[in-house]
Amino acid sequence: FASMEFWVMADDQLRSQFNRAYMNVAVADPDEWDDCGNGALSGAYNSTLSTPVIPITDGHTIQLKFDSHFRNEPPQQVYLTATNFVGDEEILLHYSDDFNSDNAGEDMLNEHLIFNIIPEADDHIQFNWKMADAGNNWFWAIDNVLIQIQTPGLGDLNNDSQVNVLDVILVVNIILGSILPDEIMVHTCDVNHDEL
């Protein structure tokens, strides 16, 4: 972790273009690592930053947002992964020099990224930002990480993830007496869907 001021002063080299960053950033910077005593002569630079394990409930989308600043140079590659309770790992993002990777082999500077993960069952999740196989290459910095559990909107009476005319139709049916208000109240009051 470094302040933006410190990191840019070390060597700018497009670091200052991370305009979305605020104060301190999490950074994997094998370029600066190698500049301190030729670290790459001892082997590859590999680094992982992980969240704590987060419990999740079936039916709730987990949304991960963060700002990212990646400068590409082979052989380094970076990954964002999600690991579940039993250790299965899903790659959500992969940047490398490969034209088939998510960055098509290009720099990806000053991005705002959003990922929505829908669990299949009650589980746990852990997010991991990884840099692998780097030598005297460039960098990946992230900031403003936000993880949220997405719950239905209060106006989403039919639980279809939209507030629209179908919700109005439900209200009309309640007024006409064809649907009991208690059926709707159970849904709107149980925001976390724990049936309590």
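Keeping the other protein chains in place, figure out the carbon and sulfur percent of the accessible area of segment 30-79, with a 1.4 Å probe.
Working: 1160 of 2330 Å².
Carbon plus sulfur share of accessible area: 50 percent.
Using the Cβ atoms and a cut-off under 10 Å, what net charge is assigned to the surroundings of residue 45, where Lys and Arg are +1 and Asp and Glu are -1? Before the final figure, lay out each step's value.
Details: positive: none; negative: 29, 31, 34, 133.
Residues near residue 45 contribute -4 overall.
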- prompt: What ranking of 129, 33 comes out by heavy-atom accessible area, probe 1.4 Å, highest first?
  reply: 33, 129
task: Between beta-carbons, use under 12 Å as the cut-off and find the net charge around residue 68, counting Lys and Arg +1, Asp and Glu -1.
output: -2
- prompt: For the peptides 36-48, 12-24, 134-146, what is the packing order when you average, over each peptide's residues, the other Cβ atoms within 10 Å and list the highest mean first?
  reply: 134-146, 12-24, 36-48
message: Just to confirm, what accessible area per residue do you get for segment 25-109 at 1.4 Å probe, in whole Å²?
response: 49
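Net charge near residue 21: determine it from the other residues with C-beta under 12 Å of the C-beta of residue 21, scoring Lys and Arg +1 and Asp and Glu -1. Let's see the in-between values first.
Numbers: positive: 15, 20; negative: 5, 67, 111, 143.
Value of the local net charge: -2.
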message: Can you give the FRET efficiency to the nearest 0.05 for residue 123 and residue 98, using r as the Cβ-Cβ distance and R₀ = 22 Å?
response: 0.15
- line: For residue 165, the accessible surface traced by a 1.4 Å probe with all protein chains present amounts, in square angstrom to the nearest 10, to 90
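The values are calculated or read from the model by the stated rules, or taken from the named source; none is laboratory data. Treat the numbers as computed from the prediction; the structure is a model and nothing was measured. FYI the Cβ positions are ideal-geometry reconstructions off the backbone, even for glycines, and counts take in every protein chain you see. With ligands, DNA and RNA removed, areas are computed over all heavy atoms of the protein, side chains included. Shrake-Rupley method; radii C 1.70, N 1.55, O 1.52, S 1.80 Å.
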